[in-house]
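Q: I'd like to ask you about the structure that follows.
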Amino acid sequence: MADETETARLTAWVHGMVQGVGFRWWTRSKALELGLVGSASNLADGRVEVIAEGSRPDCERLLDSLRSEESPGRVDHVVERWSDPRGGLTGFVER
């Protein structure tokens with residue numbers, strides 16, 4: 001498991017039936033519970049893009065939630081990319 005103090009940026013592309021089902025709102029709620037900042041955005045091709053920054057373990061918890069059966073809609077798969085945090089984000093917004 002990653003060091004609790006290590007910070008990271010998670011970019012996740014969620015594929016499936018995830019638009020128009022409350023998925024971004026649910027993602028925002030989960031991210032705020034974990035103390036993460038970032039956004040959840042609908043993409044033109046039907047995916048939702050999630051960007052989250054915070055502790056690496058909390059970002060991993062969010063990723064686990066995105067892949068879980070508890071999310072609204074239907075998640076077929078999630079593509080993830082990890083990078084160094086860029087900062088400059090406040091709150092967690094739905095776009």
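The values are calculated or read from the model by the stated rules, or taken from the named source; none is laboratory data. Worth saying up front: this structure is predicted, and the values here are computed from it rather than measured. All Cβ positions, glycine included, derive from the backbone under ideal geometry; neighbour counts span all protein chains shown.
Q: Taking region 46-81, which residues are among the charged types (D, E, K, R), within 15 Å of Phe23 (Cβ to Cβ) and at pLDDT 95 or above? It would help to see each step written out before you state the result.
A: Start the filter on region 46-81 by keeping residues that are among the charged types (D, E, K, R), which leaves 47, 49, 53, 56, 58, 60-61, 64, 67, 69-70, 74, 76, 80-81.
Still in the running and within 15 Å of Phe23 (Cβ to Cβ): 47, 49, 67, 69-70, 74, 76.
Hits for region 46-81 are Arg47, Glu49, Arg67, Arg74, Asp76.
Q: Now a separate question. Just give me the residues in region 21-49 being assigned to a loop (DSSP other than H, G, I, E, B) and touching a residue at least 24 places away in the same chain (Cβ under 8 Å), in sequence order. Step through it out loud before you land on a result.
A: Initial filter on region 21-49 (assigned to a loop (DSSP other than H, G, I, E, B)): 21-22, 34-36, 43-47.
Val21, Gly22, Leu34, Leu36, Leu43, Gly46, Arg47 - these are the residues of region 21-49 that are assigned to a loop (DSSP other than H, G, I, E, B) and touching a residue at least 24 places away in the same chain (Cβ under 8 Å).
Q: What single numbered condition from (1) surrounded by fewer than 17 Cβ atoms within 10 Å (Cβ to Cβ); (2) modelled with pLDDT of 95 or more; (3) closer than 19 Å to His15 by Cβ; (4) not aliphatic (A, V, I, L, M) fails to hold for Asp84?
A: Unmet condition: (3).
Q: Output the number of residues of region 1-23 satisfying the condition of being within 16 Å of Arg74 (Cα to Cα) and surrounded by fewer than 22 Cβ atoms within 10 Å (Cβ to Cβ). Don't jump to the end; show me each part of the working.
A: Keep residues of region 1-23 that are within 16 Å of Arg74 (Cα to Cα), which gives 12-23.
Next cut, surrounded by fewer than 22 Cβ atoms within 10 Å (Cβ to Cβ) only: 13, 15-17, 19-22.
Final tally of qualifying residues: 8.
Q: A further question on this structure: Scan region 42-72 for residues that are closer than 24 Å to Gly88 by Cα and over 10 Å from the mean Cα position of the chain (by Cα) and jot them down. Spell out how you get there, then give the answer.
A: To start, the set of residues in region 42-72 that are closer than 24 Å to Gly88 by Cα comprises 42-43, 48-63, 66.
Correct list: Asn42, Leu43, Gly54, Ser55, Arg56, Pro57, Asp58.
Q: Let me ask something additional. Condition first: within 17 Å of Leu34 (Cα to Cα), touching a residue at least 40 places away in the same chain (Cβ under 8 Å) and of a type in the set (Ser, Thr, Tyr). Now tell me which residues in region 67-95 satisfy that.
A: Selection gives Ser71, Thr90.
Q: In this structure, is Gly35 loosely packed, with under 15 Cβ neighbours inside 10 Å, farther than 23 Å from Gln19 by Cβ and modelled with pLDDT of 95 or more? Talk me through it step by step, then tell me what you get.
A: Working: loosely packed, with under 15 Cβ neighbours inside 10 Å: yes; farther than 23 Å from Gln19 by Cβ: yes; modelled with pLDDT of 95 or more: yes.
In short, yes.
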